[in-house]
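Data first, discussion second: the structure below is written as structure tokens.
The values are calculated or read from the model by the stated rules, or taken from the named source; none is laboratory data. All values reported here derive from a predicted model rather than from experimental measurement. Cβ: placed from backbone, ideal geometry, glycine included. Neighbour counts: every protein chain shown. What goes into the accessible areas is simple: the full protein's heavy atoms, side chains included, and nothing from ligands, DNA or RNA. Shrake-Rupley method; radii C 1.70, N 1.55, O 1.52, S 1.80 Å.
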Amino acid sequence: MEDLKQATDHLQPLNLPAQMGIYFQDRPGRVGVEDTPDAPIIRAERRRLRNWLSTNIPIQWGKKVNTIEHNDEGVSVTFEDGSTAKGDILVGADGINSIVRQHLLQKPAKDLLKLVPLAAIVGEVALEGDAFKRQLELGHSAYVYMSPTLGFANFNGLHEVNPDGVSAKYYWMLMQPDASVEDSEHWLQKATQQEKLDHVLKLASKLPARFRELFELTPASGIKTETHIWRDLELESLPAGRVVLLGDSAHAMTPFRGEGGYHSFIDAMKLSEKLVGLDSKDIDAINAAVAEYNSEMLERGAEAVRNSRNENSDKRTRDTKTKLTTANQLVRPLPEVEIDLKAVRS
């Protein structure tokens, strides 16, 4: 397989390290995390990562699980298109609204997921030249500006650099505390793209000029039409057997610490370690291996869910002694930099 970083890095073709910058209204300078040999970070573009993971794997897209049957002999899945699949282990890596989880626990997603009381507006914008350069200088991969007096939180991120190296796709999310966000009459459910953008620009007017720019450059057409509602998931236990969960299906979390994908990879590697070499007909050995996996995965996952949920709290924002974490690393001081787009081409 191709080198993971080379294949998926969203900064290619620029020779810059992945970097997340954090700015505080009441503190000088900036902190954050950055890819280094001693503390590596890969900020992967989703499509590129999927392509890398798909290497030499014959994937059948568009399948939707209808029924699952499993016993001491094996697992059988029937899909909505009438096709079936049989095997020894079914791994449910099917996301926050997992059908596999619903079958395993006999509970729908709505009974398990917890609302994160945040109203979010999401935007996308294409940048080039000096505007692109200024965003890279704030944070090569992403950045946030934090202040408990603002009444909102924002995340501004690079999606991917275009092949020309002088333009890129960006996205951002602005969030406000709001326990009523899932109500059918919430204003975001009916607001136009322009109304959402106007709301964002009014809030962002409180920011210093360089932190407003990404919002101000976004056209109304770049505002996501759907209402984004955050939910997370903590599970206390799972039955051990031939049906297993990993990733968001087992511990969906908010993105505030950037650890959702990280824990999905850890799940997959730890599950593989437990299953490799097992006799597929030895149900007792399979049950024991899955039970060990579930115990570690659920404890680790639940802690990550709670940490991510609390990372954006006012208390953490106000407390200067609190150690912030992102990309599974403690933040540290980062120097301000000036970037020449031609000089950083690979």
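For first residues located in region 275-300 and part of a loop (DSSP other than H, G, I, E, B), partners that are surrounded by fewer than 14 Cβ atoms within 10 Å (Cβ to Cβ) and lie 6+ apart or on another chain with Cβ distances below 8 Å form the pairs 281/73.
Within region 239-267, which residues are among the small types (Gly, Ala, Ser), over 26 Å from residue 310 (Cβ atoms) and open to solvent by less than 40 Å² (accessible area, probe 1.4 Å)? Can you show your working first?
Of all residues in region 239-267, those among the small types (Gly, Ala, Ser) come to 240-241, 247, 249-250, 252, 258, 260-261, 264.
Cutting the leftovers down to over 26 Å from residue 310 (Cβ atoms) gives us 240-241.
Listed by number, the list holds a single entry, 241.
Tally time: how many residues in region 141-176 are within 14 Å of residue 344 (Cα to Cα), assigned to a loop (DSSP other than H, G, I, E, B) and open to solvent by less than 10 Å² (accessible area, probe 1.4 Å)? Count: 1. So for region 139-157 (the condition being over 24 Å from residue 339 (Cβ atoms), more than 24 Å from the chain's Cα centre (by Cα) and among the polar types (S, T, N, Q)), does at least one residue qualify? Looking through region 139-157, at least one residue is over 24 Å from residue 339 (Cβ atoms), more than 24 Å from the chain's Cα centre (by Cα) and among the polar types (S, T, N, Q).
Selection of region 221-230 for residues being surrounded by 16 or more Cβ atoms within 10 Å (Cβ to Cβ) and modelled with pLDDT under 95 yields 227, 229, 230. Considering every residue within region 132-139, establish whether at least one is open to solvent by less than 30 Å² (accessible area, probe 1.4 Å), in a loop (DSSP other than H, G, I, E, B) and either polar (S, T, N, Q) or in contact with a Cys (Cβ under 9 Å, 6 or more places away or on another chain) (or both). Checked against the condition, which is being open to solvent by less than 30 Å² (accessible area, probe 1.4 Å), in a loop (DSSP other than H, G, I, E, B) and either polar (S, T, N, Q) or in contact with a Cys (Cβ under 9 Å, 6 or more places away or on another chain) (or both), region 132-139 yields no hits at all.
Kindly establish whether residue 95 is in contact (Cβ under 8 Å) with a residue 12 or more places away in the chain, in contact with a strand residue (DSSP E or B) (Cβ under 7 Å, 6 or more places away or on another chain), on the phi > 0 side of the Ramachandran plot and of a type in the set (Gly, Ala, Ser). Taking the combined requirement at face value, the residue does not satisfy it. For residue 60, the conditions (1) surrounded by 15 or more Cβ atoms within 10 Å (Cβ to Cβ); (2) polar (S, T, N, Q); (3) at pLDDT below 95; (4) out of contact with any helix residue (DSSP H, G or I) (no Cβ under 8 Å at 6 or more places or on another chain) all hold with the exception of (1).
Residue 184 falls short on exactly one of the conditions (1) free of Cβ contacts under 8 Å to residues at least 12 places away in the same chain; (2) in a helix (DSSP H, G or I); (3) polar (S, T, N, Q), and that condition is (2).
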